[in-house]
Amino acid sequence: MGDKIISSVHWSFWLVAAAALIWNVMGGINFIVQMNSEALSSYPESYRAIIEGRPIWATAGFALAVFGGALAGLLLLLRKSIAYYLFIASLVGAIVVIIHTLGVLDSDFKPIEPVIGNLSQLVVTAFLIGYSRWARGKAWIRQG
């Protein structure tokens, strides 16, 4: 019976869930790299200034965005509906980060440079929220 349930899930679900996990794990790696002062020294000065001047609330938002998203991706692969709520938490974290980033922009940046990564996180996470809700409606993910 378990094989029948797994086989009834469309192959695209597994592709999206795996991509969600990989995307957010890469974000987690980025977070860890940014917390390493040696690795940070290789960043351009303007980026280092944003990262080194990031307040704790923005760092917490960054952590929530990437680690909440990674956990959500894993739970989506495990077909758990709680992934939907963790993707929402991840989106909140991404919004916090973009608020901070927009607040510290100065003339050293072209407006698109520091925002593009944050915007891509918003777009991807919004998609994953919608996708996980849709998958729950199709009974591809279950409660618990």
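Just a few scattered comments:
- For the range 1-80: rounded, prolate or oblate by the Cα gyration tensor [a/c cutoff 1.5]: prolate
- Where only DSSP H runs of four or more residues are counted, the chain gives -26000 deg cm²/dmol as its mean residue ellipticity at 222 nm, each run worth -39500 (n - 2.57).
- Using C-alpha pairs under 8 Å with a sequence gap of at least 6, the mean separation divided by the residue count of the range 3-105 gives a relative contact order of 32 percent.
- Peptides 21-28, 85-92, 34-41 ranked from most to least packed, by the mean per-residue count of other Cβ atoms within 10 Å: 85-92, 21-28, 34-41.
- Principal-axis analysis of the Cα atoms of the chain puts helix 11-34 at an angle of about 30° to the longest axis.
- Peptides 63-71, 12-20, 47-55 ranked from most to least packed give 63-71, 12-20, 47-55, packing being the mean of other C-beta atoms within 10 angstrom over each peptide's residues.
- C-alpha long axis of helix 112-137 to longest principal axis of the chain, angle in °: 20
- Nearest 10 degrees, 0 to 90: helix 82-104 Cα axis against the chain principal axis: 10
- The length gained by stretching the chain between V9 and N30 to full extension, at 0.36 nm per residue less their Cα-Cα distance, is 4.4 nm.
Readers should treat all values here as calculations from the given coordinates under stated rules, not as data from a laboratory. The structure presented is a predicted model; accordingly, all values stated were derived computationally and were not measured. Note that each Cβ is placed from the backbone with ideal geometry, even for glycine, and that neighbours are counted across all protein chains shown.
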